């Protein structure tokens, strides 16, 4: 079945540690996105990519980094520079062109900083 | 900053009633609009997309778009308890190089039996 797989679902981190969240899709989508969601809030865009080896900062990129070495994969690293990383992280993908706003989401990764 | 604003919730309606969710957007350049449903603790799922002025119906859901007023709405007819969720409105902007969505904060809907 086609879809987006995020791992891990739950992650605990000590302050000062970097962590990497995995996102893999087998939908053959060109565009991939990372969002952050805090309780009672909408989705805030961290990074997005429309093509391999290219990505753009979103609205809250500080303290995060990404890579897009393969079409299927778009991992997100939460660095120690991110001051308040506890949140629900969502990866999404879409096709380009007219349906570009129709996102498919993974199940999310919930990060807690201890 | 491009903004998408949703009517403040939470919204509570009885089973069988019509739920009306509203959304306005700041950027006249936005071309297409979307409604996502998000159950508590889950990821969002697309339920409606609308690309041109007017109404679009899909089962019990109707999306309405008025580009002149920069207004999008979602009507849920014959609301069911299973419709209880947060509904996210989003506007797509093609941008100068890369397109992206702008999301509102969401409206929490509760349908009580």
Exactly one condition in (1) part of a strand (DSSP E or B); (2) in contact (Cβ under 8 Å) with a residue 40 or more places away in the chain; (3) closer than 28 Å to residue A:23 by Cα is not met by residue B:20; state its number. (3)
Filtering segment A:80-94 down to residues that are surrounded by fewer than 16 Cβ atoms within 10 Å (Cβ to Cβ) and in contact with a strand residue (DSSP E or B) (Cβ under 7 Å, 6 or more places away or on another chain) yields A:86
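Would you call residue A:58 more than 11 Å from every other protein chain (Cβ to nearest Cβ), surrounded by 15 or more Cβ atoms within 10 Å (Cβ to Cβ), more than 14 Å from residue A:93 (Cα to Cα) and under 14 Å from the mean Cα position of the chain (by Cα)?
Numbers: more than 11 Å from every other protein chain (Cβ to nearest Cβ): no; surrounded by 15 or more Cβ atoms within 10 Å (Cβ to Cβ): yes; more than 14 Å from residue A:93 (Cα to Cα): yes; under 14 Å from the mean Cα position of the chain (by Cα): yes.
Spelling it out, it is not the case that residue A:58 is more than 11 Å from every other protein chain (Cβ to nearest Cβ), surrounded by 15 or more Cβ atoms within 10 Å (Cβ to Cβ), more than 14 Å from residue A:93 (Cα to Cα) and under 14 Å from the mean Cα position of the chain (by Cα).
Give segment B:96-108 a look and list any residue that's without any contact (Cβ under 8 Å) to a residue 12 or more places away in the chain and in contact with a strand residue (DSSP E or B) (Cβ under 9 Å, 6 or more places away or on another chain), or say none.
Looking only at segment B:96-108, we keep the residues that are without any contact (Cβ under 8 Å) to a residue 12 or more places away in the chain, and these are B:96-100.
Passing the criteria: B:97, B:98, B:99, B:100.
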Looking only at segment B:74-113, and only at residues there that are at negative phi, more than 14 Å from chain A (Cβ to nearest Cβ) and in a loop (DSSP other than H, G, I, E, B), the one that is surrounded by the fewest Cβ atoms within 10 Å (Cβ to Cβ): B:113
All conditions in (1) surrounded by 14 or more Cβ atoms within 10 Å (Cβ to Cβ); (2) under 22 Å from residue B:102 (Cα atoms) are true of residue A:51 except (1)
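Among strands (runs of 3 or more DSSP E) lying entirely in segment A:1-79, which contain 1 or more residues that are in contact with a strand residue (DSSP E or B) (Cβ under 8 Å, 6 or more places away or on another chain) and more than 23 Å from residue B:41 (Cα to Cα)? Write out each step before concluding.
Working: elements: A:4-7, A:10-13, A:19-25, A:31-37, A:43-51, A:54-57, A:64-66, A:76-78.
In segment A:1-79, the matching strands (runs of 3 or more DSSP E) lie at A:31-37, A:43-51, A:54-57, A:64-66.
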Unique match (being surrounded by 15 or more Cβ atoms within 10 Å (Cβ to Cβ), modelled with pLDDT of 95 or more and within 12 Å of another protein chain (Cβ to nearest Cβ)) among A:109, A:67: A:109
Residues of segment B:31-65 satisfying the condition of being surrounded by fewer than 20 Cβ atoms within 10 Å (Cβ to Cβ), over 12 Å from the mean Cα position of the chain (by Cα) and closer than 20 Å to residue B:105 by Cα: B:31, B:39, B:40, B:41, B:42
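The values are calculated or read from the model by the stated rules, or taken from the named source; none is laboratory data. Predicted model, so just to flag it, every value in this text is computed and none were measured. Cβ sites come from the backbone with ideal geometry, for glycine too, and all protein chains shown count toward neighbours.
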